[in-house]
Amino acid sequence: MIVSNLALVIVPLAVLTAYVVFGLCGFGSTLIAVPLMAHFFPLKFVIPVIVLVDCLASLHQGFRLREGVNKRDMLPMLPFIVAGMVIGAMLLVRTPGSILLPILGAFVTGYGIYYTFRHESVFQVARWTSAPIGLFAGTTSALFGMAGPIYVMYLAGRGSTPEQIRATMPVIFIFTTFGRIALFAFLGLITQEVLLAAALLVPVMALGLWLANRWHSKISRAQAVRAIGAVLTLSGASLLFRAL
């Protein structure tokens, strides 16, 4: 695979930013890294790379914040997330990149607009919604590597505090990343190039988490989320423009 000089600059910066956000908010790594990397590499390469890096990042954060995990609302979702991941992985393998790219662009732009202009009010959701929400989140997780905001909306709707959400998200990601790695390996998506790229990005990820842990008390979660929204809106719009 030929890598351009621009990619050698943009991709590490995107991954660094992604894991600073992940460390601050408990989610957002794939939302930032995947759209920017998709400008340079196929999604069938980008998604497995980020999933491998995410696995290590989630293990690190999950261990640090394990005492605040909201198990009561997390556990009912897990079986449905698994079913959704199987659906999403099959779609990733069978759907042409020319179709996936504009869908990803629209998906990311929608998230960006929501997080840029959203209010702090939270919609309450019933426990039974863990089934459809888990299924949808699992599908988007495997297909685009993105489901964090869906989990956040569900946990917030169930009454989780921001601290519980920050602690619970890495645990969900540990579960989903191991599941996706197994699925991607079975489908032949974990190649030597994917493993090499992930290994090269691990130090960048570690630096991002280190910076986030230092800045956590200085940057509010609300400020970080609004910054995510602005970045996602621009990133998603650029993918839509590229797809056209």
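The values are calculated or read from the model by the stated rules, or taken from the named source; none is laboratory data. This structure is a prediction, so every number in the text was calculated from the model and none was measured. Neighbour counts run over all protein chains shown; Cβ positions are idealised from the backbone, glycine included. Accessible surface is based on the protein model in full, side chains and every heavy atom, while ligands, DNA and RNA are left aside. Shrake-Rupley method; radii C 1.70, N 1.55, O 1.52, S 1.80 Å.
Dividing the mean sequence gap of close Cα pairs (under 8 Å, 6+ apart) by how many residues segment 12-51 holds gives a relative contact order of 33 percent. Given the options A199, A137, A57, state which has the largest fluctuation in a GNM of the chain using a 10 Å cut-off (strictly under) for Cα springs. Judging by the Gaussian network model, the answer is A199. For segment 71-169, the Cβ-based charge dipole about the Cα centre amounts to some 160 debye (Lys, Arg positive; Asp, Glu negative; other atoms uncharged).
Between S4 and V82, the FRET efficiency from the beta-carbon distance, with R0 = 51 Å, is close to 0.85.
Could you check which residue among Q164, Q61, Q124 shows the biggest mean-square fluctuation in a GNM of the chain with a 10 Å Cα cutoff? Comparing Q164, Q61, Q124 in a Gaussian network model of the chain, the most mobile one is Q124. Accessible area of S235 (1.4 Å probe, protein heavy atoms only, ligands and nucleic acids ignored): about 10 Å². Qualifying chymotrypsin sites (Phe, Trp or Tyr not before Pro) in segment 75-169, where qualification requires a DSSP coil assignment and no more than 10 other C-beta atoms within 10 Å, comprise F123.
Here the chain is scanned for trypsin sites (Lys or Arg not before Pro) in DSSP loops (not H, G, I, E, B) that have at most 15 other Cβ atoms within 10 Å, and the longest stretch holding none of them is 1-117. Can you list which of the DSSP-assigned H helices in the chain have a Cα extent of 15 Å or more along the long axis and an average Kyte-Doolittle score of at least -0.5? Length and hydropathy pass: 5-25, 43-64, 78-94, 97-117, 130-144, 162-186, 192-215, 221-243. Heavy-atom accessible area with a 1.4 Å probe sorts T140, T17, largest first, into T17, T140. Across the chain, the relative contact order, built from alpha-carbon pairs under 8 Å that are at least six residues apart, equals 40 percent. Only DSSP H runs of four or more residues enter the estimate; each adds -39500 (n - 2.57), and after division by the residues of the chain the mean residue ellipticity at 222 nm equals -26500 deg cm²/dmol. Placing R0 at 41 angstrom, the Cβ-Cβ distance between A131 and L195 gives a FRET efficiency of 0.75 after rounding to 0.05. Taking 7 Å steps out from each Cα toward its Cβ at L56 and S98 produces label points 3.7 nm apart. For the chain, modelled as a GNM whose springs connect Cα atoms under 10 angstrom apart, the maximal fluctuation among I133, I47, I81 occurs at I133.
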